[in-house]
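Q: Mind looking over this structure? Questions follow.
The values are calculated or read from the model by the stated rules, or taken from the named source; none is laboratory data. Given the structure is predicted, the values throughout are model-derived calculations rather than measurements. All Cβ positions, even for glycine, are placed from backbone atoms using ideal geometry, and neighbour counts span all protein chains on display. Heavy atoms of the whole protein, side chains included, go into the accessibility calculation; ligands, DNA and RNA do not. Shrake-Rupley method; radii C 1.70, N 1.55, O 1.52, S 1.80 Å.
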Amino acid sequence: MCRDSGVRFCPQIPTACFVVTADELPLNPIAKCELPAVGTKVAFMAVPHDSQETSYLLPPNPEDWEEQGIPDFVYGQKDLVGKGIQWPRNSPSALDTPPLSRFDSALCSAWRQRAELGLFRYCLEDLQTQILPGSVGFVAQLNIERGVQRRRPQNIRSVRQEFDPDQFNFNKIQPGEVLFRLQRQPNGPAAPKQEDILVMINVSPLEWGHVLLVPEPALGLPQRLLPGVLRAGLEAVLLSSHPGFRVGFNSLGGLASVNHLHLHGYYLAHPLPVEGAPSTPLDPKGCIHLLQVLPAPGFLFYTSGPGPELEALISRVCRATDYLSDHDIAHNLFVTRGTPPGPASSSSDLTGIRVILWARKSSFGVKESGAFNVALCELAGHLPVKTSQDFGCLTEAAAVALIQDCLLPRTQADEVQAALVALMAQEEL
């Protein structure tokens, strides 16, 4: 159980998402996130919403966890933060404490409590981190435990494989792993009800706050991107006031280890290359752009924030991923705050949401070789490295070579690009 008071969590993620009892002093919100000593009386509380407090924490007795039910995190349009998010200019990785959003408070307090209760496969200590020298700006982190203790991938044979209830799936998780249910308030009385999404811990975390966003598990949906879960992922990024909260998707064959529909979400207190990388439009209306810079070319979709533009982006992205799935082409997707498409930007203002989609070679089974496996975060420039030896000698050139080895051959990549551009043109007909 992860209850050692010496275990530390990422110091860049604010911890003002809980309060201590009256006889104790509150922790500095930007201090290192030391877990309290065993026996310390700590009352984790969510931030009030409309004068009604909701606790996203488990009761003290594990026997009561299942009976408690799943709390709802109810949000509306006013909770989505579209503007005013940026990295500090002087030291981007050492964040001043931003105002915590309700979403950040709920997620951080509940996730931290599950860590203290030992619900993860390992204790996530401060991860040794380095920016690899070179022009790309790779963020490499040493995460030995994830490489050793994460669940082995399922036997996947096709990007279009059906859901198998006999394999591990999110109906089989332990009580207490679900933090809360994302519940979107309708924009108006005539608006259709949006599906609820469960937010649960990833028991083998990449970084602090690593969660999974899962549509109703009982539906048994295979790992194929759908508009409802993509909308929830985009809105989760908009719900966070932290510039380093990102969301992503791995298809089957794109290193998804569980064939049950889910997105990943996590905090990383470092800018990534894809946030401001230059791009060129692929169609006259600017519906789809091409990121051509290292580490890997990808298709860029952009929205300045919530509203009709967001819905249009969801439609475009899902038509693109549907094409890839229908043609058995593996893919990865990454959602981050970023700058508008066009030339490279030196601005620290992250004025909108970037969605980057990569088509890639299919990869099935366990991959033991290589300093890291190539999936959504690696393509975006975040490299969780599996061994100390690889971490010490990893270079930008070696990282780029490993990533590019997973990309489609040029001829096939050109065919995919032409097909996706044609799909975007159909929107105007």
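Q: Take the residues in region 98-148 that are of a type outside the set (D, E, K, R), assigned to a helix (DSSP H, G or I) and open to solvent by 50 Å² or more (accessible area, probe 1.4 Å), then tell me which one is farthest from Phe391 (Cα to Cα).
A: Let us first name the residues in region 98-148 that are of a type outside the set (D, E, K, R), namely 98-101, 103, 105-111, 113, 115, 117-120, 122-124, 127-144, 147-148.
Adding the requirement that they be assigned to a helix (DSSP H, G or I) leaves 103, 105-111, 113, 115, 144, 147-148.
Now restrict to residues that are open to solvent by 50 Å² or more (accessible area, probe 1.4 Å): 144, 148.
Values: Ile144: 10, Val148: 15 Å.
Per the criteria, the residue is Val148.
Q: Could I ask something else about it? Is it the case, given these coordinates, that Arg231 is within 24 Å of Gln185 (Cβ to Cβ), basic (Lys, Arg), open to solvent by 10 Å² or more (accessible area, probe 1.4 Å) and touching a residue at least 24 places away in the same chain (Cβ under 8 Å)?
A: Numbers: within 24 Å of Gln185 (Cβ to Cβ): yes; basic (Lys, Arg): yes; open to solvent by 10 Å² or more (accessible area, probe 1.4 Å): yes; touching a residue at least 24 places away in the same chain (Cβ under 8 Å): yes.
Yes, satisfied.
Q: May I ask you to verify whether Glu53 is out of contact with any Ser or Thr (no Cβ under 7 Å at 6 or more places or on another chain), modelled with pLDDT of 85 or more, at negative phi and exposed (fewer than 11 other Cβ atoms within 10 Å of the Cβ)?
A: Numbers: out of contact with any Ser or Thr (no Cβ under 7 Å at 6 or more places or on another chain): yes; modelled with pLDDT of 85 or more: no; at negative phi: yes; exposed (fewer than 11 other Cβ atoms within 10 Å of the Cβ): yes.
For Glu53, the condition - out of contact with any Ser or Thr (no Cβ under 7 Å at 6 or more places or on another chain), modelled with pLDDT of 85 or more, at negative phi and exposed (fewer than 11 other Cβ atoms within 10 Å of the Cβ) - is not met.
Q: Where in region 223-320 are there strands (runs of 3 or more DSSP E), lying fully within it, with 2 or more residues that are farther than 25 Å from Arg152 by Cβ and out of contact with any Cys (no Cβ under 9 Å at 6 or more places or on another chain)?
A: Those strands (runs of 3 or more DSSP E) span 279-281, 289-291, 298-303.
Q: I need every pair where a residue in region 400-428 that is within 19 Å of Asn250 (Cβ to Cβ) has its Cβ under 9 Å from the Cβ of a residue that is among the acidic types (Asp, Glu) and open to solvent by less than 70 Å² (accessible area, probe 1.4 Å), sequence separation at least 6 or different chains.
A: Note: pairs meeting the criteria are Leu402/Glu378; Ile403/Glu378; Cys406/Glu378.
Q: Just name the residue that is nearest to Gly76 (Cα to Cα) out of those in region 234-269 that are open to solvent by less than 10 Å² (accessible area, probe 1.4 Å) and of a type in the set (Ser, Thr, Tyr).
A: The qualifying residue nearest to Gly76 (Cα to Cα) is Ser240.
Q: Also, quick follow-up: Being touching a Phe, Trp or Tyr at 6+ places or on another chain (Cβ under 6 Å) and open to solvent by 40 Å² or more (accessible area, probe 1.4 Å) is the filter here, so list the residues in region 165-188 that pass it.
A: Pro175
Q: If a residue must be surrounded by 11 or more Cβ atoms within 10 Å (Cβ to Cβ), farther than 28 Å from Gly307 by Cα and modelled with pLDDT under 90, how many such residues does region 65-88 contain?
A: Qualifying residue count for the region: 1.
Here's the yes/no breakdown for (1) open to solvent by 50 Å² or more (accessible area, probe 1.4 Å); (2) under 23 Å from the mean Cα position of the chain (by Cα); (3) closer than 28 Å to Val237 by Cα; (4) not hydroxyl-bearing (Ser, Thr, Tyr):
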site	(1), (2), (3), (4)
Ile329	no, yes, yes, yes
Phe334	no, yes, yes, yes
Asp349	yes, yes, yes, yes
Ile356	no, yes, yes, yes
Phe364	yes, yes, no, yes
Val374	no, yes, yes, yes
Glu378	no, yes, yes, yes
Val385	no, yes, yes, yes
Asp414	yes, no, no, yes
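Results for (1) free of Cβ contacts under 8 Å to residues at least 12 places away in the same chain; (2) of a type in the set (Asp, Glu); (3) under 16 Å from Ala380 (Cα atoms), shown as yes or no for each residue.
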| position | (1), (2), (3) |
| --- | --- |
| Leu268 | no, no, yes |
| Pro273 | no, no, yes |
| Ser279 | no, no, yes |
| Leu282 | no, no, no |
| Leu294 | no, no, yes |
| Gly307 | yes, no, no |
| Thr321 | no, no, no |
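Q: Across region 285-296, what is the total count of residues that are surrounded by fewer than 19 Cβ atoms within 10 Å (Cβ to Cβ) and at negative phi?
A: So the first thing to find is which residues in region 285-296 are surrounded by fewer than 19 Cβ atoms within 10 Å (Cβ to Cβ), and the list is 285-286, 290, 292-293.
In the following step, the residues that additionally are at negative phi were identified as 285, 290, 292-293.
Residues that pass the stated criteria total 4.
Q: Oh, and also: Take the residues in region 393-411 that are assigned to a helix (DSSP H, G or I) and open to solvent by 70 Å² or more (accessible area, probe 1.4 Å); name whichever of them is farthest from Gly298 (Cα to Cα).
A: Step one: list which residues in region 393-411 are assigned to a helix (DSSP H, G or I), which gives 393, 396-404, 410-411.
The next check asks that each one be open to solvent by 70 Å² or more (accessible area, probe 1.4 Å); those that pass are 393, 397, 404, 410-411.
Details: Cys393: 27, Ala397: 19, Gln404: 12, Arg410: 13, Thr411: 15 Å.
For region 393-411, the residue satisfying everything is Cys393.
Q: Before we move on, is Val214 outside any loop (DSSP other than H, G, I, E, B) and β-branched (Val, Ile, Thr)?
A: So Val214 passes the test.
Q: Let me ask something additional. Quick check on region 263-312: of everything there that is under 18 Å from Ala236 (Cβ atoms) and among the aromatic types (Phe, Trp, Tyr), which residue is nearest to the chain's Cα centre (by Cα)?
A: Tyr266
Q: What is the one condition in (1) in a loop (DSSP other than H, G, I, E, B); (2) open to solvent by less than 30 Å² (accessible area, probe 1.4 Å); (3) within 23 Å of Leu255 (Cα to Cα) that Glu162 does not satisfy?
A: With respect to (1) in a loop (DSSP other than H, G, I, E, B); (2) open to solvent by less than 30 Å² (accessible area, probe 1.4 Å); (3) within 23 Å of Leu255 (Cα to Cα), Glu162 is out only on (2).
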